[in-house]
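Notes follow the structure.
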Amino acid sequence: MENAPFLHQPVLLEEVLAWLDPRPGQVLLDGTVGGGGHSAALLERIGPDGFLYGLDQDPAALEAATERLSKVSDRFKLIRSNFAKLGTLDLPPLDGILLDIGVSSPQLDQGSRGFSFQQAGPLDMRMDPDAPATAAELLATLSETELARIFYEYGEERHGRRVARAIVQDRKEKPYTDTLTFAEFLKRVIPRDPSGIHSATRVFQALRIAVNDELGVLTRVLPAAIASLKPGGKLAVISFHSLEDRIVKHFFRDAAKGCICPGRQPMCTCGKLPSVEVLTGKPVTASASELDCNPRSRSAKLRVARRLPES
Ligand SMILES: C[S@@+](CC[C@H](N)C(=O)[O-])C[C@H]1O[C@@H](n2cnc3c(N)ncnc32)[C@H](O)[C@@H]1O
């Protein structure tokens with residue numbers, strides 16, 4: 001797996017194209033360029049007069065995407081950046097933005113990245129290899145209370161407190177630094193789940209979210225993304241678990257609302273105007289045929305909003 005080509009099958013590709021509806025000459029941003037699957041399709045649609053910006057915090061993804069996109073067009077620029085910094089990048093007003101958040105298949109499958117409890121590797125889990133703390137460092141330094149919170153809030157792991165206590169008890173003599181040893185430890189500490197899900201699943205998810213501050217960066221990018229759109233421009237967000245989807249849903253709902261003054265107030269004093277129209281009532285999910293050929297599309301949810309002309 002280590003030297004395998006960077007292969008990531010884009011999820012909800014047809015749906016993204018249908019909802020974003022990219023047109024020749026448009027300027028787009030793919031905030032999570034990954035292997036470039038979505039970007040390549042967007043580039044084709046915007047043609048020689050369009051332009052695509054792509055962001056990723058993982059240099060391996062940018063390298064793979066550069067190679068792939070160069071075969072389609074030269075009308076793109078890739079930038080190594082966390083999408084949370086979107087507001088600080090000097091980009092022109094955009095016709096459309098895509099965020100396909102989470103990790104890519106190559107990140108998950110390469111043992112050396114430390115995301116998988118089924119592949120031997122260091123407990124790393126950083127999408128940005130220069131980010132400050134690895135999963136092993138969090139396990140070695142966070143308090144029992146903080147670890148328990150992370151496992152419960154980000155992994156919905158009912159046994160989070162028990163796991164945190166056992167880590168803190170063990171860690172002076174036996175710090176957890178590799179994926180398989182840690183997964184074995186979780187198997188011993190967490191009672192077997194009747195659904196058959198591996199005991200390490202939830203704790204690994206929680207650690208990954210904490211290491212990459214996934215909920216924090218999503219919360220920060222959404223207002224910056226709307227502000228970066230031209231009036232009428234669209235933002236499409238694909239998320240892969242309920243915590244992320246809830247953030248997107250609530251952000252879109254609040255941004256679509258006008259006045260937020262208390263109901264008993266006779267006149268509006270807040271002056272808030274809706275800044276978006278939400279285009280997807282319910283989140284868009286994968287079709288039966290996509291589910292058949294790409295199991296990773298199972299939990300994908302797409303939501304799309306359009307910036308209002310007068311906002
Ligand atoms: C699900 S993959 C995207 C796959 C891509 N749409 C494709 O078709 O190949 C997510 C990518 O976004 C990147 N990523 C995740 N969070 C990010 C963030 N906060 N800032 C920048 N890149 C991020 C990851 O490194 C990964 O390469």
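Observations on the model:
- For the peptides 197-209, 283-295, the ranking by packing is 197-209, 283-295, with the highest mean count of neighbouring Cβ atoms within 10 Å listed first.
- Overall, segment 185-273 carries a charge dipole of about 120 debye about its Cα centre when +1 sits on the Cβ of Lys and Arg and -1 on the Cβ of Asp and Glu, all other atoms neutral.
- Cα-centre dipole for the chain with unit charges at Cβ (Lys and Arg positive, Asp and Glu negative), debye to 20: 1080 debye
- Cα gyration tensor shape of the chain, rounded if a/c is under 1.5, else prolate or oblate by comparing a/b with b/c: oblate
- Net length gained if the chain between Thr88 and Gln169 were fully extended (0.36 nm per residue, minus Cα distance): 24.9 nm
- Debye, to nearest 20: dipole size of segment 95-207, +1 on Lys, Arg Cβ, -1 on Asp, Glu Cβ: 700 debye
- Stretchable slack from Ala133 to Lys230, in nm (0.36 nm times residue separation minus alpha-carbon distance): 31.3 nm
- Toward the positive end of the charge dipole of the chain, with +1 on the Cβ of Lys and Arg and -1 on the Cβ of Asp and Glu, the farthest Cα among Ile46, Pro295, Ala256 is that of Ala256.
- Most fluctuating residue given options Ala136, Ala18, Ala210, as computed from a GNM of the chain linking Cα atoms under 10 Å: Ala18
- Selected from Thr181, Gly196, Ala206, residue furthest toward positive end of dipole (segment 132-211; charges at beta carbon): Gly196
- Gln118/Glu14 FRET efficiency (R0 22 Å; Cβ-Cβ; nearest 0.05): 0.15
- 21 Å tail of the calculated P(r), segment 132-211, as % of Cα pairs: 15 percent
- Of all DSSP beta bridges in the chain, antiparallel share, percent nearest 5: 40 percent
- Residue (of Thr134, Leu55, Leu273) at the positive-pole extreme of the chain, dipole from beta-carbon charges: Leu273
- Gained length - Arg192 relative to Leu180, 0.36 nm times residue gap less alpha-carbon distance: 2.6 nm
- Note on Leu7/Val278: beta-carbon distance plugged into 1/(1 + (r/R0)^6) with R0 of 35 Å gives a FRET efficiency of 0.55.
Quick note: the coordinates plus some simple rules give every number you see, no bench work behind them. On a predicted model such as this, the values are computed, not experimentally measured, just so you know. Cβ: placed from backbone, ideal geometry, glycine included. Neighbour counts: every protein chain shown.
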